[in-house]
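Undergrad: Could you have a look at this structure, given as structure tokens, before my questions?
The values are calculated or read from the model by the stated rules, or taken from the named source; none is laboratory data. No experiment lies behind these values; they were computed from the predicted model shown. When we count neighbours, we look across all protein chains shown, and the Cβ atoms used for this are built from the backbone with ideal geometry, even at glycine. Just so you know, the surface numbers come from the protein's heavy atoms only, side chains and all, with ligands and any DNA or RNA stripped out. Shrake-Rupley method; radii C 1.70, N 1.55, O 1.52, S 1.80 Å.
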Amino acid sequence: MNSIKETHFNFPDQTNYYKGKVRDVYTIADRYLAMVVTDRISAFDVVLPEPIPFKGQVLNQIAAKFLSATADIVPNWVLAVPDPNVTIGRICEPFKVEMVIRGYLAGHAAREYATGRRLVCGVSLPEGLKENDKLAAPIITPTTKAAVGHDEDISREDILAKGIVSESDYLQLEAYTRALFARGTEMAAKQGLILVDTKYEFGKVNGVIYLIDEIHTPDSSRYFYKEGYEQRQQTGEPQKQLSKEFVRRWLIENGFQGKEGQQVPVMDTDKVNSISERYIELYEQIIGEKFVKPSAGDVLERVEKNIAEAIGKLG
């Protein structure tokens, strides 16, 4: 299939190029970012060797839908979505924290709780919770944004004491985070889903706070299926999830967790296609619309042309 593994474009007025784990980002005239969401897939901080057809389109279009649906809550960085795999937006100075919000005791918070900790990022949790239990109210558990290595938990008190974010800005980030999570929860419920936890990133330009990056995608959020949730909690069964956890499970079953000396298992055509189909299912379940594959043709040529045309219009 015609996947996007990597791009090497050269646009007029291009001033920088950055290759992340799954995104290629072009800076144009130091004014705009053209973000290409490729079909690369990462797990355990490792980019896997084979691209997954349509994965980038799935993530980009889910993010675009949710950013549009929350623009009345907080302005966002998006200026144009000229291609299924591309978002172009304004350059913002990012805050050096990620705003993680949790409505349920799952993932990292559940692992911390299981070790006996009852204070997560300065937030106190009650005794007697089980993994995946709903919390009395959503909690914000921020992390620092690491330039290299893993992000680290941090409390609101430490963020303010260290001057990472001013108090007035941080209070606004918290308010936006709660409002966005409430909207995401409401939208998920309409699709028979529970938005378990997610993260938001914010930036600032000319004194205005903007929501940046992607939101509510299966790579940045965890979803449970609403149907059967209560029964599974009562019987101690694992919750039925909607995330890229199925890829991690396959890697673990094949002896890979990103540790030194481990080899990434071979991803044959059948495995690549099955992962692609799962991502398309994720899109249709989260958005509630049929996934539309682009017409056949050279995908890189299409992306480059659409970015160039959009930049021309933005001026």
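Undergrad: Between the DSSP loop rule and a limit of at most 16 other Cβ atoms within 10 Å, which trypsin sites (Lys or Arg not before Pro) in the range 267-315 are left?
TA: Within the range 267-315, the qualifying trypsin sites (Lys or Arg not before Pro) (loop, at most 16 other Cβ atoms within 10 Å) are LYS290.
Undergrad: Straight-line reach from LYS190: which lysines fall under 23 Å, measuring Cα to Cα and dropping same-chain residues less than 8 apart?
TA: Straight-distance partners of LYS190: LYS65, LYS134, LYS199, LYS226, LYS240, LYS244, LYS290.
Undergrad: Normalise the Debye intensity by I(0) for the range 154-282, one equal point scatterer per Cα, no solvent, then take log10 at q = 0.19 Å⁻¹ and round to two decimals.
TA: Debye intensities relative to I(0), on a log10 scale: -1.12.
Undergrad: Based on Cα coordinates alone, diagonalise the gyration tensor for the range 142-215, multiply each eigenvalue by 5, take square roots, and list the semi-axes in whole Å, largest first.
TA: Each semi-axis is the square root of five times an eigenvalue, giving 24, 15, 12 Å.
Undergrad: So with the 1.4 Å probe, I'd like the accessible area per residue for the range 169-315, rounded to whole Å².
TA: Ligands and nucleic acids excluded, the result is 52 Å² per residue.
Undergrad: Let me ask another. What aspartates and glutamates sit close enough to LYS259 to cross-link, taking a C-alpha to C-alpha distance under 12 Å and skipping anything fewer than 8 places away on the same chain?
TA: Once the sequence-local aspartates and glutamates are set aside, what remains near LYS259 is ASP45.
Undergrad: With no solvent and one equal point scatterer placed on each C-alpha of the range 42-196, evaluate the Debye formula and give log10 I(q)/I(0) for q = 0.10, 0.14, 0.16 Å⁻¹, two decimals.
TA: At q = 0.10, 0.14, 0.16 Å⁻¹ the computed log10 ratios are -0.46, -0.92, -1.20.
Undergrad: If each residue of separation counts as 0.36 nm, what is the full-extension length gain between SER295 and GLU174 once their alpha-carbon separation is subtracted?
TA: Full-extension gain reported as 39.4 nm.
Undergrad: Let me ask another. Can you tell which of ALA189, ALA136, ALA34 shows the greatest fluctuation in a Gaussian network model of the chain with Cα springs below 10 Å?
TA: Top of the fluctuation ranking is ALA136.
Undergrad: Okay, next question. Which of the lysines could a cross-linker span from LYS19 if the Cα-Cα distance has to be under 16 Å and same-chain partners fewer than 8 positions apart are dropped?
TA: Partners within reach: LYS5.
Undergrad: Are there trypsin sites (Lys or Arg not before Pro) in the range 151-260 that DSSP puts in a loop and that have at most 11 other Cβ atoms within 10 Å, and which ones?
TA: Loop-located and lightly packed - LYS162, LYS259.
Undergrad: Quote the convex hull volume per residue of the chain, based on C-alpha atoms, as a whole number of Å³.
TA: Dividing the Cα hull volume of the chain by its residue count gives 153 Å³.
Undergrad: If you restrict to DSSP beta bridges whose two residues both lie in the range 171-315, what percentage is antiparallel, to the nearest 5?
TA: That works out to approximately 100 percent antiparallel.
Undergrad: Something else: For the chain, list the DSSP H helices whose alpha carbon atoms reach 18 Å or more along the long axis and whose average Kyte-Doolittle value is -1.0 or above?
TA: 55-69, 167-190, 269-287, 299-314
Undergrad: Let me ask another. Using DSSP to call loops (not H, G, I, E or B), can you name the GluC sites (Glu not before Pro) in the range 25-128 whose Cβ has at most 15 other Cβ atoms within 10 angstrom?
TA: In loop regions of the range 25-128 (DSSP not H, G, I, E or B), the sparsely surrounded GluC sites (Glu not before Pro) are GLU127.
Undergrad: So what's the range 1-98 giving for Rg/Rh, alpha carbon basis, Kirkwood Rh from the mean inverse pair distance?
TA: 0.97
Undergrad: Multiplying the sequence separation of ALA136 and VAL123 by 0.36 nm and subtracting their Cα-Cα distance, what value in nm do you get?
TA: 3.4 nm
Undergrad: A further question follows. What ³J(HN,Hα) values, in whole Hz, does the Karplus curve 6.51 cos²θ - 1.76 cosθ + 1.60 give for the range 158-165 when θ = phi - 60°, with x put for Gly and Pro?
TA: Using θ = phi - 60°, the values come out as 5, 4, 6, 5, 8, x, 5, 9 Hz.
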